[in-house]
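Structure record follows, encoded as structure tokens.
The values are calculated or read from the model by the stated rules, or taken from the named source; none is laboratory data. All values derive from a computational prediction rather than experimental measurement. So basically every Cβ, Gly included, is an ideal-geometry build from the backbone, and we count neighbours across all protein chains shown. Remember, those area values only see protein heavy atoms, side chains included, never the ligands or the DNA or RNA. Shrake-Rupley method; radii C 1.70, N 1.55, O 1.52, S 1.80 Å.
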Amino acid sequence: MSRFYTASTSEESSSEEEEEVPEVTTRSAKQFTRVDSSDEDEQRVVKSKAQKFRDDAAVQASRIRNGMKVADWSSVEDSFSNMCKLLEKSKKQIAEVGVPISCLKIFVELQDEVKEAYRSRKKLNKQQGTSLNRIHSKLPKFLKTVFNRKPLETSVNEYRENPVEEEESEQEESEDEESEEEEEDDEKKSASKAPEESEDSDDSYWDTDTSDESDDEEAGERNEQRGFRGWVATDFLKSTTQAKKKQREGKEGSKPKPQAAKEGEGEEGDEGEEKEVTMVVQGKTKEEKPLFEKGEEITYDKVMNKFKELTSARNKRREKGAHRRALRRLRNISDDHGFGAFPACNILVALITSYFDEDISATGYMDIMKWALVHNLLVELIGLLLKNKDIVVSNSTTGNSKSNKSINVDVVRLVERLDDELTRSLRNIDQNSPDYIARLSDEVVLYNLIVLTQQYSRTLTADSQCRVRLLRLERIYYKRTFLAPTPRGPTRMLPSKVEHIMEKYDRQPKPEDIHFPVPSPWVVDNKVEADIEGLVDRLCKFVYKHCKGRMAVRTALCHVFHLALFDRWTEARDLMLMSRLQDTISQADIPTQILFNRAMVQLGLCAFRAGNVIQAQAALNEIVQMGRAKELLAQGYKFRHDKSQSQISKEKMRQTPFHMHINVGLLEAVYYTASMLIEIPAIAQYGTGRSRYMNRNFRHRLEEFCRESYHAPPETTREKIMSASLAMLQGDWVRCREFICDLGVWDLMPNKPAVLTMLAEKIQHEGLRTFLLANSGYFDSITLDKLAERFELDMKEVRGIVSKMIFRRELYAFYDPMTAAVVMYRQQPSSLQVAAKKLADKVGQLLDANDRLYAARFYSGPREGGQQQDNRRRPYNRYSHGQRGNQRYRGGGQGRQWNNRPPHTGARLRRTGPQ
Amino acid sequence: MAEHDLTRQLCGFLDNHMTLALIQNALDKEIYKREQLITSKLKVLESAHFFDAMKEVYHDVKATVPKEVLEKEEAFNNHVDSLSEELSKVYDVFSKQEVIDAISASYSNPDPAKLTEKLKEHGFEPKMLDTMFKAARAYYDLEQYATAGTMLYNYRPLTSDPSKRLSALWGRLAVEIMSEKFEEATEVLGVLQSNIKETSLEPLKKLQQRAWLMHWSLFIFFFGDNGESIRISHLLEKFLPKSGERDQEKNEFIGAIQTMCPHLLRYFAVVAVITCPKRPDSRDAIRDIVRMIRHKTAKFSDPITQLLECIYIDFDFDKALELLSACEKVLDLDFFLTTYRTDFVESASKLIFEVYCKIHSSISIQFVAERLSKTASEAEKWIVDLIQSADLSARIEQAEGYVKMLHEPQSTYDQVLDSTRSIPLRTRALLDNFHRRGTRKPHNKKKQDK
């Protein structure tokens, strides 16, 4: 049988080839060692008949199971018939000992699986199908007929109905049970004691055993269940199986077993069971090395010493599970003896860190189950710490605190890690799957923990308090609407897994398998949460008061984001300006820069809603302009040839979880609409030449759009805006308004009607301006009421707008109070004057060309000037300047384009006139 | 009445002694309820250690002086007494001629450590410094401003702690202002301003200090030299950037106005409007202020800013003229601006009509006369003055009773000049760049000159 194992493993795990044990023993190292003495290799083992039968049965069972797993029904059929034969043959033994549990179990599984597969048998190919059919018909018959005295069917049904009955061993995988029974047998028979077995060989066996069952992808899963199993196991140890434990302890007392073998077993049991999630739920007990000798008086000091011993040994890699179980048992012992909270806290901390120390599986995030476990542990820990104020938690590295009740751990850091893991899993889970939503609902749970930690953190340093508050802030700052959270426990199983189980076992996992119970101190106060603005304000003020540096920066950015989200435009802008973040953000770390971009974008949206088109455009300019909004907001990434693999993976690590995304379509719509409102009058005024706030991107798009020979009805947002721009340029503001207000993306704007009203008004105003600028040449005078009628504005507004244009000399005209009309002044320049102007322009252009030429040759010279100018022109965003690590964020063509601009142009060539 | 009063806002940025002056003004003009003011006045008096004045107030309102006040008075007196003992030694040291010389010399070449060494020869002990600082404060509270001033004068070069030096400077400024030596105060103001700039402080603290500075300077600029109009324009020169000027520090001041004390806009606006006819730079200031109002970067609104808003943003002249009387009332009640009331109204109405003239092609004299409640001939004269001062060209058609504005468009000549003005400069910059590059010369170098 071990041949079978090694054969199957050799493909998957290349590890233990040399261990090929001929024809020996079951999987269990313990058994191996127990039976044979010192020699490890090639020992032929003498087995009793019963034992042999059991071994064989186990092999067949596991073959069946493997067959079922890959839906290889022909092999299942083979094994099944072998099993039948075996059972027939060993009636005698069975009469003595009863049917081995492994058999019962496999029959139950087989029944389920066959039933399941039979339903969907059409999918199978012919051969497989016939095998399945055969099993399907044979199985019930066999079960009914095989034993006359007590048909197997009844035993199987008994087992199915009451699998817990014999929880000691039955919940185990066949191998485990077997070994355990084996053990008992051994005890009964007083088999020769096995000498000590080296841990290594132990491990190697363990490897061979498990690797066939778990492929790499499931590694995480395995860990998860291991952890969880351990947890439940302690519970059981505590309550239901006391009697048995005692009994066993008694045995142990009389006949102590070799330590290594036992540990090995523990490990095995721990690792071996991961096939079936459903089984996990029920507990199991396992024999482990007792922490204290029987009869030994357990004292506080001893517990603490044991704890130290355990923690110092924790780095042995393979023993994570055993280590944790030992810790848990120690904790139970300590609790049983009433040693108080201090040892318990210590143990909890050790447990939590042991989870965090583990390598993260291939999925890139901590498993859900483990996360939930750590969460529970943390809640417990903080609960204990809250109750026991005398326990000092310090995170000084020197550890100089004199108090004998001090734990050297940074509790906040643990919570941060947990928080980080949640974000990480959200990043990795497909955002469209129900898994994401399920996982997201854990946020509430985490939030509860954070609030709890905040309550506890009062005793900690100001720095820690700030960190907790920042954690809390980062969980709420992007939320606009408040939904009262219902208390709930952490998710234990994601929907995809639930589905998987349903498919496999045809039964719905119980609700308690999907979620843990609600954590006991539920401290999220809905009243407090509902007043999110007040809450954010308080959190931020606290941090501002007590902290500086990165934390304050992040807090400020979250605050800006939040204020902007709630349409408090002036406050948000003032905070952004006051914090002077634009100057320093290029030195910040990239996650902070991303947060800055998010805040900036939100600020832009907020400015737009408030009707401050210019600011909105300025804020969004850098981020939307180059079409890299997704990248800059970490909401997606592009594969570019100049990015290395590690860069991409780093980028992936920084992604914003989906539920926090800002809609990029909306950003574009806002940006282009704002650009339209700014640029179209400018184009009308200056033509396509330079103007003050020139937005090349928009102009380019507009030119492109105009070049198209035929305009189909616009479909995309950008096309619609371009059509609107064209309409406005032609003086058709009504059509422009229709296009703009028709955009679907405005639905994403909170307070949509107000935004639309604002837009309509702006379009009227700018339409009027565009009309006057473009067409004033065709008029001698225009009466104001005609204008008012045409643009559906009232006289006062028209007068205000026209006056402003006159005052700024945008319009060379005057208002005649007698006739209530705008009188245009025009001068017809002589041809000499026209020529002179043209020459002046040409000279200017030549100079521009020189500058550009120079810039192209000596890149850096004018660049300094150009950059300076850019900085002035774009007060909001300095994102792309600065530190080397940021290169990624600087667009390939972007730098060139901006920097190519000659140093002294810009406003100089603009038509001058009194302001 | 208290709607547009700024006493409360201003007091937050002023010294106790200055606050008292403001409160007194509010009391005199009965802007607030008397009881409220009395209580706040008592508070200020207490923190300023003006116990005699407190007793007077209690006497006036016919209340007995509370016990605590007496206790505090005694404590303060004891404090002063204890100081005076130590001070005698200090006086000994600092009355020596060599010491006086050394200190005045150190102002041009500050080096606290060296100076301390030098003074030790004359019996100076480092612990005296602390005494001096405390004593200066005490004397200031006792209204012995001259003594306090000397003390601080001696103290400042000796201390090496920049924040202490800064507070010593603030003390000096307060002393000069309270003793109404505005010449010296202006000097100290300049020193303080540069010290704030140089001292490394948190940005927020700096902002705060600048806000204080602007508030304190109100005393200097509005009361110095009996309020000549040329004097108040310093307020603009000092804190607002000129057009085209990119002064980082002045931007800081603007930042401080926007974020901490938007109410100062009133003072800036009034000064800008008053000085506008005589000082062309004031127009830039007006533009800055209008920008702040338009973008709502400074959250403040009172009749004066509304007036500017009407003129320059909405071009609603009727409303602007209506607002004039409201402005008059506000100015009348304001502690600093009372004396500038008539000036402001006059300048503001000129400003309104100046903009009006720029937009309209003709103006009826009757209209002007009505709006300004003048007779037709007065209005005519007034308009002529305006046209002359505002550099406009116009002709009066007296028969039909209106003024016809003659708007000359910018000549082609000017346009060409404007567009080519920058060319020599840019060519020069290009050349300089080449020279800086040294050996590497491009093949197709071109020179451009007009």
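Can you pick out the pairs among A:Lys479/A:Lys720; B:Lys181/B:Lys205; B:Lys89/B:Lys205; A:Lys308/A:Lys389; A:Lys545/B:Lys114 whose Cα atoms lie more than 32 Å from each other?
Pairs exceeding the cut-off: B:Lys89/B:Lys205; A:Lys545/B:Lys114.
Would you mind estimating how fast region A:777-845 diffuses translationally, via Stokes-Einstein at 37 °C and 0.692 mPa s with the Kirkwood radius over Cα pairs, in µm²/s?
237 µm²/s
To the nearest hundred square angstrom, how large is the accessible surface buried between A and B, total for both chains, probe 1.4 angstrom?
4700 Å²
Hand me the chymotrypsin sites (Phe, Trp or Tyr not before Pro) from region A:663-728 located in a DSSP loop with no more than 10 other Cβ atoms within 10 Å, in residue order please.
A:Tyr710
Amide H neighbours of A:Ile407 under 5 Å, counting only residues 5+ apart in sequence or on other chains, H built in-plane at 1.01 Å?
When sequence neighbours closer than 5 places are left aside, the close amide H contacts are A:Val392, A:Val393, A:Ser394.
What number, in percent, do you get for the relative contact order of region A:663-775 if the mean sequence gap of Cα pairs under 8 Å and at least 6 apart is divided by its residue count?
About 35 percent, as a whole number.
Per DSSP H run of n ≥ 4, the term is -39500 (n - 2.57); total these for chain B, divide by its residue number, and report the mean residue ellipticity at 222 nm rounded to 500 deg cm²/dmol.
Values: 23 runs with 308 residues, N = 450.
Result for chain B, helices only: -22000 deg cm²/dmol.
Whenever you get a sec, line up A:Ser441, B:Ser233 from highest to lowest accessible area (probe 1.4 Å, protein heavy atoms).
Largest accessible area first, the residues go A:Ser441, B:Ser233.
Given an 8 Å cut-off on Cα distances and at least 6 residues of separation, report the relative contact order of region A:549-670 as a percent.
Once normalised by length, the contact order is 22 percent.
Could you tell me the relative contact order of chain B? Use alpha-carbon pairs under 8 Å, at least six residues apart, and round to a whole percent.
For chain B, the relative contact order is 9 percent.
Compute the signed sum of charges (Lys and Arg +1, Asp and Glu -1) over the other residues within less than 13 Å, Cβ to Cβ, of A:Asp531.
So the environment of A:Asp531 carries a net charge of -1.
Round to the nearest 0.05 the FRET efficiency obtained for A:Ser830 and A:Glu738 when R0 = 35 Å and r is the Cβ-Cβ distance.
Between A:Ser830 and A:Glu738 the formula returns 0.20.
Once the Cα atoms of helix B:265-275 and of chain B are each reduced to a long axis, what angle between those two axes, in degrees from 0 to 90 to the nearest 10, is obtained?
Long axis of B:265-275 versus the principal axis of chain B: about 60 degrees.
Does chain B come out rounded, prolate or oblate by the C-alpha gyration tensor, with a ≥ b ≥ c the root eigenvalues, rounded set by a/c under 1.5 and, if not, prolate when a/b is larger than b/c and oblate if not?
Oblate, since a/c reaches 1.5 and b/c is not below a/b.
Which of the trypsin sites (Lys or Arg not before Pro) found in region A:435-507 are loop residues per DSSP with 16 or fewer other Cβ atoms within 10 Å of their Cβ? The partial results should precede the final answer.
Values: sites: A:Arg439, A:Arg458, A:Arg467, A:Arg469, A:Arg472, A:Arg475, A:Lys479, A:Arg480, A:Arg488, A:Arg492, A:Lys497, A:Lys504, A:Arg507; in loops: A:Lys479, A:Arg480, A:Arg488, A:Arg492, A:Arg507.
Answer by residue number: A:Lys479, A:Arg480, A:Arg507.
Using the Cα atoms of region A:663-775 to build a convex hull, what is its mean projected area in square nanometres?
Dividing the Cα hull surface by four gives the mean projection, 6.8 nm².
Just to confirm a number: summing +1 for Lys and Arg and -1 for Asp and Glu over residues other than A:Tyr447 whose beta-carbon lies under 12 angstrom from that of A:Tyr447, what do you get?
-2
In degrees from 0 to 90, rounded to the nearest 10, what is the angle of the helix B:162-178 Cα long axis to the longest principal axis of chain B?
Result, in degrees: 80.
Taking every pair of alpha-carbon atoms in region A:416-511, give the share separated by more than 17 Å as a whole percent.
I get 59 percent for the Cα pairs in region A:416-511 exceeding 17 Å.
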